[in-house]
1. Across all directions of projection, what mean area in square nanometres is found for the Cα convex hull of the range 53-188?
2. Give me the net charge for the shell around residue 100: Cβ to Cβ below 13 angstrom, other residues only, Lys and Arg +1, Asp and Glu -1.
3. Shape of the range 387-444 from its Cα gyration tensor (a ≥ b ≥ c, root eigenvalues): rounded if a/c is under 1.5, otherwise prolate when a/b > b/c, or oblate?
4. Could you sort out which of 143/182; 164/210; 182/451; 52/389 sit more than 21 Å apart by Cα distance in this structure?
5. By its C-alpha gyration tensor, with a ≥ b ≥ c as the square roots of the eigenvalues, how is the range 58-100 shaped: rounded for a/c under 1.5, else prolate for a/b larger than b/c, else oblate?
6. Got a sec to turn the phi values of the range 108-125 into Karplus ³J(HN,Hα) couplings, 6.51 cos²θ - 1.76 cosθ + 1.60 with θ = phi - 60°, whole Hz, x for Gly and Pro?
7. Does a label point 7 Å from the Cα of residue 165, set along Cα-to-beta-carbon, have any residues of the range 418-457 with amide nitrogen under 15 Å, and which are they?
8. Quick one: how many Å² of residue 378 are accessible to a 1.4 Å probe, rounded to 10?
Amino acid sequence: MLFVGQQRQRTCQTLTRRAFLQAGGSTVLGLSLADLLRFRAAGASGMAGSAKSVVLLWLWGGPSQLDTWDPKPDAPLEYRGLFSPIATNVPGIRICELFPQLARSADHFSIIRSLHTGSNDHGVAGTIGLTGSSTGGVDLGGKSANGTTRPATGSVVARVRGFKSSLPPFMVVGGRLHQGRKAIAGEGGGALGALYDPFRLEYEAEQGFKIPALQLPADLTPDRLGDRRRLMQALDSLEKHTELLRSARAIEEYRAQAFAMLTAPSARRIFDLSRESETVRDRYGQTRFGQSCLLARRLVQQGVPFVQVNWSDHVEAEEDSGDGGWDHHYRNFQIMQDRQAPWLDQALSALLADLQERGLLARTLVLVMGEFGRTPKINDKAGREHWEKCYSGLVAGGGIRGGRIIGSSDGRAEHPHDNPVTPADVAATVHHCVGITSEQAATIGLSPNGKVIGELF
């Protein structure tokens with residue numbers, strides 16, 4: 001987030017070295033303007049993959065595989081739970097009865113039922129899910145896995161696709177992902193640098209979408225920040241600090257571009273959902289997640305290569321000081337029935353149908369998954385605990401075939417029965433869909449650890 005005015009250094013005349021460095025570390029208003037413009041001027045190298053954009057719907061907290069895409073009606077009651085499977089429009093494929101709209105469009109997506117990961121800690125599993133690797137992941141106790149955190153898959157796609165429009169190549173709709181009070185590792189550019197961190201948007205029902213990094217404190221206005229002469233006079237007084245001078249000038253120019261983007265009518269129209277008909281907005285659902293999915297479609301229309309929609313910022317429910325995540329240690333069936341499933345069913349089915357109707361689904365890869373699944377056996381609080389050994393995900397568009405089941409789980413959804421799939425395999429598949437070759441990945445030192453899920457094609 002932009003720190004201008006928030007560190008008590010009120011003007012450029014009193015801006016300290018610490019403030020310069022803090023502003024320089026900002027994702028959106030950082031020191032990489034020269035790189036940004038250089039990449040745009042060069043046009044970056046184009047990709048030949050079927051998917052021109054990727055939309056990742058991140059179900060933070062870990063949804064139950066049995067209560068979504070892999071029901072087990074023949075398992076004992078304490079495993080299968082309260083919900084029954086329903087048929088889809090693809091013979092032989094059944095999903096949980098809580099998703100009737102998706103059941104009618106199963107020919108547009110495929111289900112992976114044999115996912116597994118390396119940790120049942122939200123923070124570490126989140127890092128694995130977003131980057132394809134556990135390195136640098138931090139658990140709830142603060143212990144960090146060995147190695148440097150790899151860039152998020154969205155950052156890798158942004159790095160190879162490059163800056164080709166006025167919008168950033170990697171955008172996240174939603175706040176930072178947290179476990180407890182700690183933000184997890186793996187949402188950003190890592191070794192690729194802050195240039196490839198996501199540009200973040202957040203939704204509030206009363207205000208619509210806002211850009212946290214560009215929120216002005218009450219005592220600052222664009223006119224004050226745009227006083228180039230005053231800023232440059234302040235910078236001239238710091239000539240002996242050559243590094244700071246270069247950094248601050250880059251900050252000022254990049255900031256001007258950022259505010260221009262914020263205030264430009266063409267850019268603001270993209271984030272303004274009131275330009276959509278009420279029918280379209282209602283189709284997605286008047287929820288934070290539904291409206292975020294609608295914005296994702298608008299960003300795809302503008303050619304943004306990677307859009308990540310976070311279901312929530314925290315894994316926990318509201319009563320646990322969270323904001324409605326999928327971490328259902330208790331009341332799983334009530335929460336699923338009353339909120340999570342209806343919201344997801346409506347928003348996801350609307351997104352897939354909308355993309356298809358607009359001719360965008362074939363070139364937009366849609367991924368729907370969390371960091372892990374839930375224990376097949378129900379606990380004594382009508383909930384399910386963390387379960388990393390087997391879970392499910394949904395994949396659509398971007399050149400993959402719909403109406404398929406990839407892998408299978410055992411009779412209680414405890415372990416993969418065949419064709420086990422890892423988050424690294426998912427990352428490799430994203431690379432394949434957008435046309436990132438192994439040579440290109442190796443060139444930037446980011447070859448995925450997994451293999452392409454060939455059965456999707």
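1. Numbers: hull surface 43.8 nm².
Taking a quarter of the hull surface, the average projection is 10.9 nm².
2. 0
3. On the way: a/c = 3.31, a/b = 1.76, b/c = 1.88.
Cα axes put the range 387-444 in the oblate bin.
4. Values: 143/182 12 Å; 164/210 23 Å; 182/451 31 Å; 52/389 32 Å.
As for pairs spanning more than 21 Å Cα to Cα, those are 164/210; 182/451; 52/389.
5. Details: a/c = 2.20, a/b = 1.10, b/c = 2.00.
Judged from the Cα gyration tensor, the range 58-100 comes out oblate (a/c at least 1.5, b/c at or above a/b).
6. 8, 9, 10, 10, 9, 9, 10, 5, 8, 9, x, 7, 9, 8, 3, x, 5, 5
7. Hits in the range 418-457 for residue 165 at 15 Å: none.
8. 40 Å²
The values are calculated or read from the model by the stated rules, or taken from the named source; none is laboratory data. Given the structure is predicted, the values throughout are model-derived calculations rather than measurements. When we count neighbours, we look across all protein chains shown, and the Cβ atoms used for this are built from the backbone with ideal geometry, even at glycine. Surface areas here come from the heavy atoms of the whole protein model, side chains and all, with no ligands, DNA or RNA. Shrake-Rupley method; radii C 1.70, N 1.55, O 1.52, S 1.80 Å.
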